[in-house]
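The next block holds one structure in the form of structure tokens; read it before the comments.
The values are calculated or read from the model by the stated rules, or taken from the named source; none is laboratory data. Source: prediction; values computed, not measured. When we count neighbours, we look across all protein chains shown, and the Cβ atoms used for this are built from the backbone with ideal geometry, even at glycine.
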Amino acid sequence: MLLNRYLTIILFSCLLLTACTNAFFQPLKQHLASPEQYEIEYEDIYFKGDSGLSLHGWWFPASGDHKATILFLHGNGENISTHSGLVFWLTQHQYDVFIFDYRGYGKSEGKTEIEGVMSDIQSAREYVVSRKKADKKLFIIGHSLGASLGIYNIAKNPDGIDAMVLVSPFNDYRQIARETLDKSWLTWAFQWPASLTIDSQYNPIDYVGLLPDKPKLFLYSVDDRMIAADHVIQLYENARGEKHKEEVTGDHNSLFAQKENQQIILHYLNQWSK
């Protein structure tokens, strides 16, 4: 869950600190569920990050004919045990799906910090490329913080990505921090000084225009109480090349569960995989 109650507390504590971008990560080591519980076919994967850390993920193989491979970048809270339910349904539509935990999450080693997480995303991309079918495409789907991280990563490393789906990304770390602090009467007065402690060098709004000229889909919901639609719309407007924008239904953490939203995502993936 992105921007939960703990984030407000941590951001408030950042008033006397610097570079508090790491407050956006809320990792959980314990797995709360397993694919076996849902009788889902999967592979338990350990791979090395650039820093030598052992990173952990799950590979969900496509059912039937294989269309393409998807790398999923999850949001800021918990770990893959709770996020995998957002995307494993894609395997029933002939897509391989790989979901992994950033450093410090779940069974992945290390301490969570944004520069290292960016490195982990690149390592995951390289792992997926090493085992996907050479004649099939690679798509990235990111949700919430994962979508915002993905924008920076793909802009800096554009090769090898054939399309991207960005679900509820925020456009600016300082802005989303201010909006979070503004929601509580205990912290609203500190939104500006606290937000200034946050490193802004990874802001998605500064990199979305550098994304490669590959298909990109921006999804947002007016029911989303965590990431306002304006964040996503501004990112869409600043993107170049082939781009699409869809307003969907549901709150922040139920967007992937809505059947109509799944059909929208599949519509684009199926077009792009041809």
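Odds and ends about this structure:
- Scanning the stretch 60-70 for residues that are in contact (Cβ under 8 Å) with a residue 40 or more places away in the chain and surrounded by fewer than 19 Cβ atoms within 10 Å (Cβ to Cβ) returns a single hit, 66.
- All positions within the stretch 89-114 that are over 13 Å from residue 28 (Cα atoms) and at pLDDT below 95: 113, 114
- In the stretch 248-257, the residue that is nearest to residue 170 (Cα to Cα) out of those that are under 18 Å from the mean Cα position of the chain (by Cα) and outside any helix (DSSP H, G or I) is 252.
- Cβ pairs under 6 Å, 6+ apart, first in the stretch 33-47 and closer than 23 Å to residue 131 by Cα and touching a residue at least 24 places away in the same chain (Cβ under 8 Å), second assigned to a strand (DSSP E or B) and aliphatic (A, V, I, L, M): 47/55
- Those residues of the stretch 88-124 which are surrounded by fewer than 22 Cβ atoms within 10 Å (Cβ to Cβ) and in contact with a helix residue (DSSP H, G or I) (Cβ under 8 Å, 6 or more places away or on another chain), in sequence order: 88, 89, 93, 110, 112, 113, 114, 118, 122
- For the stretch 146-176, taking the residues that are among the hydrophobic types (A, V, I, L, M, F, W, C) and farther than 18 Å from residue 70 by Cβ, the one that is surrounded by the most Cβ atoms within 10 Å (Cβ to Cβ) is identified as 170.
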